[in-house]
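Right, one structure below, let's go through it.
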Amino acid sequence: MSERAAPFYCPYCGDEDLRPSEEGHGAWECAACNRAFRLKFLGLLTRGLGRDGGPADTNDDETHRGEEGA
Ligand SMILES: [Zn+2]
């Protein structure tokens, strides 16, 4: 697996005629619409790693703690 993220389709026109740009890492050029764009990896999401798919309310107990005593 390459670390380079390669787009399969142009995000602007949807064409597949993409080629790496000379602009640098992550830069691509679309031969169909003549656009140049750059892909950037922003990081991993903190959510969505669970396999159940449901929302996890793990912090619910701490949220309500102390309300009755105050
Ligand atoms: Zn395009």
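Read the figures in this text as sums done on the coordinates, not as results from a lab. Quick caveat: nothing in here was measured; it's all calculated off a predicted structure. Quick reminder, even Gly has a Cβ in these numbers, built from the backbone with ideal geometry, and neighbours come from all protein chains shown.
The table for this structure:
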read-out: TYR12/ARG47 FRET efficiency (R0 30 Å; Cβ-Cβ; nearest 0.05); value: 0.55
read-out: Most to least packed among 17-25, 38-46 [average Cβ atoms within 10 Å]; value: 17-25, 38-46
read-out: Long-range HN-HN contacts of ALA27 with modeled amide H, under 5 Å; value: SER21, LEU39
